[in-house]
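Working notes for the structure below.
The values are calculated or read from the model by the stated rules, or taken from the named source; none is laboratory data. Computed from a predicted model, the values in this text were never measured in an experiment. Neighbour counts are summed over all protein chains in view; Cβ atoms, including those assigned to glycine, are modelled from backbone coordinates with ideal geometry. When the accessible area is computed, the model is the full protein with side chains, heavy atoms only, and any ligands, DNA or RNA have been set aside. Shrake-Rupley method; radii C 1.70, N 1.55, O 1.52, S 1.80 Å.
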Amino acid sequence: MKEKNSFYVTTPIYYVTAKPHLGSLYATLLADTVARWNKLQGNDVYFLTGTDEHGQKIEQAAAAAKKDPKDFVDQFIPDYKNAWHMYDIKYDKFIRTTDSYHVRGAQALVTTLLDKGYIYKSMYKGWYCTPCETFVIEIGPEEQEIKGPQCTSCGRDTHIVSEETYFFKLSAFGDKLLAFYKENPNFIAPKERAHEVTSFVASGLKDLSISRTTVKWGVPFPNDPLHTVYVWVEALSNYITGIGYGDSHKTAEFNHRWPADVHVLGKDIVRFHAVYWPALLMAADLPLPKQLLVHGWIKVDKQKMSKSLGNAVDPIALQEKYGTDAIRYYLLRQIAVNQDGDFSIEDVENRIEDDLANDLGNLLNRMVALAEKYNCMDVAHQIVWSQAALDLRDESWNALEDFATHMNDYMFHHALARLWKFINITNAYFHGQEPWKIAKTDVALFREIISATCHSLRTIAILLWPVMPKKMEELLYSLGTPFKLEEHTLENLELNSWDKHFVLKKIPTLFEKPIRETTEGISMSQENVVAPPVEEKNYITIDDVVKVELLTGTIQACVEVAGSDKLVQMTVDLGGHGKRTILAGIKKFYTPAELVGKRGLFITNLKPRKMAGTESQGMMLVAQDADGKVQLVQFPEGVANGVRLR
Ligand code: MSP
């Protein structure tokens, strides 16, 4: 039996024909935010994501790359895992549909449907869209095979499929589905998306072809290995195989987690999730997911993002330039979850500068700087509050309530806009009180202003944690109330009681203002990068160059160097060259957590040197621009650790 506080959230599983792009990041980020929001409420959360690795689309892509399909998909998995790691996406399980437990589980589902009499064998003839893995339209066996229609979902050409197939009796579920939608009006969120689903079902459902004989790269159909299971049926079943369906040792886990509380998915795949999936589950006598969170599309230059258009945005380059939390915030705040949204670097930079650096980061900075100046870093709890502070407290309660309502409705952009209203109310309070004017003359009032601002910032940081986990942990650390999930659940963190004691700490600027420049390097395809002319001076010879041993490496671990405000100490994996301890003066630009997992270039034959009491056994290359901002120097994907640059 699913327990009350068990919360299960999933992402779509991604076709692995390439590295993840901004669209895949977006869906995964939404799910991570939902997961964290539920953790904050003390729920026992399970978050499943993964990859969709079978079917004609992958089979063809692998053939085009002259690779075995499994080797082909294997090469992209580290890219997915690395990208999710860089964005602090904390999934509980990464399912791959080539995993043997999934194959068994998917077969178990089909076997159940066979046993229950919902599957029969016949002939299928119709037009198929390989990029969408969709049967677009069925035609009669006698009809001429002239040019097929364009796919209703992606607009691309379709091709004819004419073969023996197993059908699922989808037509038997039309009325049951309509009744289910009626009884569960919140099943599809946002509600606007429900209409197309109900009218599709109401117009009459045809049975669904669920096997292919012409596609070899798939899950063998139970008792008929000439057929493979239609990739969508198999893919949808990941939501149950990922939590133990089909494994008799995992029945308890499955019953504890299923049904899913929310499946996150894009608007292009609603029909599969709102029609086929519930019908398959009804046929198998399994409970139905509670809700579908359907998001819109992120567009670039007003167009769909795609590899072929060359406008796919690279999440890795974005993270490296702007940081994890800034991009997390931008995507959730700027793009309305229920609509399509335009990606723009200008908006990213505006959001960072205005919302993050000016509104939020500066408030913390100014407050801590003032507290330090007037010796008020230890802010004892306040017994009596003046009216201005009580008004601010009431505002924080209202913000908390509204924020929670929007988050529970998955309207992240509304939740964030509402919270920013409160951030600006806090700014207005802090500046309106002019604490610097009374710091020496009315110490009690000065302390009250600092305390009230700290209480507001604490509420803000905790509510924002699901969206910007690392930065909000830094903020809470600066307030002297470090984040501990077990303490910071909305129920027990007593955001309503303003009785906290803060011990302030200075931290590096929370959000650096972006240095506004070109967008080169953000797009996945880099062209037209023109090198500036080199000044002809101070030449070195090739002999000088070859002296430098420059190796590729990955930062495996990283800590701050105690007593230094610049240095971090890294353990660097240099592949066949072993591991090194290397120090770098980049603390202002990266937190240790941000550095772990990053790859970089290291000079490894530099004479070891002691700094702040620790020996550095090399040097990391960074790029520092005219404004002093530092970024790690990267090297091409696919180059292993320990490779020497020449
Ligand atoms: N493999 C299927 C899903 C099976 S789930 C049982 C699939 N894969 S996909 O890789 O093509 O798309 C995965 C998800 O990414 C979809 O929800 C899709 O909407 C989303 N996105 C892909 N590009 C997108 C944007 N440009 N913007 C937002 N999300 C989009 O479909």
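When Gly597, Gly575 are screened for being more than 30 Å from Gly310 (Cα to Cα) and at pLDDT 75 or above, only Gly575 passes.
Need a quick list: helices (runs of 4 or more DSSP H) entirely within region 405-464 having at least 2 residues that are touching a residue at least 60 places away in the same chain (Cβ under 8 Å) and not hydrophobic (A, V, I, L, M, F, W, C).
Once the helices (runs of 4 or more DSSP H) in region 405-464 are filtered for at least 2 residues that are touching a residue at least 60 places away in the same chain (Cβ under 8 Å) and not hydrophobic (A, V, I, L, M, F, W, C), what remains is 412-433, 443-464.
Among the candidates Phe76, Phe94, the residue that is closer than 28 Å to His227 by Cα, within 12 Å of the ligand (Cβ to nearest atom) and open to solvent by 10 Å² or more (accessible area, probe 1.4 Å) is uniquely Phe76. Against the criterion of being of a type outside the set (Val, Ile, Thr), free of Cβ contacts under 8 Å to residues at least 12 places away in the same chain and open to solvent by 10 Å² or more (accessible area, probe 1.4 Å), Gln303 qualifies.
At least 2 residues being within 16 Å of the ligand (Cβ to nearest atom) and of a type in the set (A, V, I, L, M) is the threshold, and among the helices (runs of 4 or more DSSP H) wholly inside region 168-247 those reaching it are 231-236. Annotation: Thr17 fulfils all but one of (1) in contact with an Asp or Glu (Cβ under 6 Å, 6 or more places away or on another chain); (2) open to solvent by 20 Å² or more (accessible area, probe 1.4 Å); the unmet one is (1).
When Tyr101 is tested against (1) open to solvent by 30 Å² or more (accessible area, probe 1.4 Å); (2) closer than 18 Å to Tyr14 by Cβ, just one condition goes unmet, and that condition is (2). Scanning region 432-474 for residues that are crowded, with 18+ Cβ neighbours inside 10 Å and among the aromatic types (Phe, Trp, Tyr), we see that the one that is farthest from the chain's Cα centre (by Cα) is Phe446.
Every listed requirement among (1) within 16 Å of the ligand (Cβ to nearest atom); (2) open to solvent by 30 Å² or more (accessible area, probe 1.4 Å); (3) farther than 23 Å from Leu595 by Cα; (4) at pLDDT below 95 is met by Asp314 save one, (3).
If you go through region 271-288 and pick out every residue that is within 15 Å of the ligand (Cβ to nearest atom) and open to solvent by less than 20 Å² (accessible area, probe 1.4 Å), you end up with 9. If you go through region 127-137 and keep only what is touching a residue at least 40 places away in the same chain (Cβ under 8 Å) and over 16 Å from Tyr276 (Cβ atoms), you end up with Thr130, Pro131. Remark: Lys4 matches the filter, which requires a residue to be away from the ligand (no atom under 16 Å from the Cβ) and more than 22 Å from Glu594 (Cβ to Cβ).
Being modelled with pLDDT of 85 or more, open to solvent by 50 Å² or more (accessible area, probe 1.4 Å) and of a type in the set (Phe, Trp, Tyr) narrows it down to one residue among Phe589, Phe602; which is it?
Details: Phe602 fails: open to solvent by 50 Å² or more (accessible area, probe 1.4 Å).
Among Phe589, Phe602, only Phe589 is modelled with pLDDT of 85 or more, open to solvent by 50 Å² or more (accessible area, probe 1.4 Å) and of a type in the set (Phe, Trp, Tyr).
The set of residues in region 323-376 that are part of a helix (DSSP H, G or I), of a type in the set (Phe, Trp, Tyr) and closer than 30 Å to Trp436 by Cβ contains only Tyr329. Mind listing just one residue for me: the one in region 33-45 that is part of a helix (DSSP H, G or I) and polar (S, T, N, Q) and, of those, farthest from the ligand (Cβ to nearest atom)? For region 33-45, the residue satisfying everything is Asn38.
Residue by residue, here is whether (1) more than 34 Å from the chain's Cα centre (by Cα); (2) of a type in the set (Lys, Arg); (3) open to solvent by less than 30 Å² (accessible area, probe 1.4 Å); (4) under 28 Å from Thr251 (Cα atoms) holds:
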{"residue": "Val110", "(1), (2), (3), (4)": "no, no, yes, yes"}
{"residue": "Lys116", "(1), (2), (3), (4)": "yes, yes, no, yes"}
{"residue": "Lys121", "(1), (2), (3), (4)": "yes, yes, no, no"}
{"residue": "Gly126", "(1), (2), (3), (4)": "yes, no, yes, no"}
{"residue": "Cys129", "(1), (2), (3), (4)": "no, no, yes, no"}
{"residue": "Asp157", "(1), (2), (3), (4)": "no, no, no, no"}
{"residue": "Glu164", "(1), (2), (3), (4)": "yes, no, no, no"}
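Given the condition in contact with a helix residue (DSSP H, G or I) (Cβ under 6 Å, 6 or more places away or on another chain), open to solvent by 20 Å² or more (accessible area, probe 1.4 Å) and polar (S, T, N, Q), answer yes or no: does some residue in region 216-233 qualify? No: zero hits. In region 605-627, the residue that is farthest from Glu512 (Cα to Cα) out of those that are in contact (Cβ under 8 Å) with a residue 60 or more places away in the chain and open to solvent by less than 60 Å² (accessible area, probe 1.4 Å) is Leu621. Being near the ligand (Cβ under 9 Å from one of its atoms) and open to solvent by less than 10 Å² (accessible area, probe 1.4 Å) holds for only one residue in Leu48, Leu22, Leu30, and it is Leu22.
Conditions (1) of a type in the set (Val, Ile, Thr); (2) within 15 Å of Asn427 (Cα to Cα); (3) open to solvent by 50 Å² or more (accessible area, probe 1.4 Å), marked per residue:
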site: Tyr330; (1), (2), (3): no, no, no
site: Val348; (1), (2), (3): yes, no, no
site: Leu363; (1), (2), (3): no, yes, no
site: Ala371; (1), (2), (3): no, no, no
site: Asp378; (1), (2), (3): no, no, yes
site: Gln387; (1), (2), (3): no, no, yes
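For region 289-299, how many residues are near the ligand (Cβ under 8 Å from one of its atoms) and open to solvent by 10 Å² or more (accessible area, probe 1.4 Å)? Before you say what the answer is, go through the steps one by one.
Just the residues of region 289-299 that are near the ligand (Cβ under 8 Å from one of its atoms), to begin with: 295-299.
Among the residues that remain, those that are also open to solvent by 10 Å² or more (accessible area, probe 1.4 Å) are: 295, 297, 299.
Count: 3.
Could you tell me whether region 338-358 includes any residue that is polar (S, T, N, Q), touching a residue at least 40 places away in the same chain (Cβ under 8 Å) and in contact with a Leu (Cβ under 8 Å, 6 or more places away or on another chain)? No, every residue in region 338-358 fails to be polar (S, T, N, Q), touching a residue at least 40 places away in the same chain (Cβ under 8 Å) and in contact with a Leu (Cβ under 8 Å, 6 or more places away or on another chain). Need pairs with beta-carbon distance below 7 Å; first residue closer than 12 Å to Leu226 by Cα and within region 160-171, second open to solvent by 30 Å² or more (accessible area, probe 1.4 Å) and outside any strand (DSSP E or B); sequence gap 6+ or separate chains. What qualifies is Glu163/Thr213; Glu163/Thr214; Glu164/Thr213. Residues in region 461-471 that are out of contact with any helix residue (DSSP H, G or I) (no Cβ under 6 Å at 6 or more places or on another chain) and within 13 Å of Leu416 (Cα to Cα): Ile462 alone. Has region 255-270 got at least one residue that is within 13 Å of the ligand (Cβ to nearest atom), open to solvent by 20 Å² or more (accessible area, probe 1.4 Å) and charged (D, E, K, R)? Yes, that holds for at least one residue.
Each row is one residue, and each column tells you yes or no for (1) in a loop (DSSP other than H, G, I, E, B); (2) under 26 Å from the mean Cα position of the chain (by Cα); (3) touching a residue at least 12 places away in the same chain (Cβ under 8 Å).
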| residue | (1), (2), (3) |
| --- | --- |
| Asp544 | no, no, no |
| Val559 | no, yes, yes |
| Phe589 | yes, yes, yes |
| Glu594 | no, yes, yes |
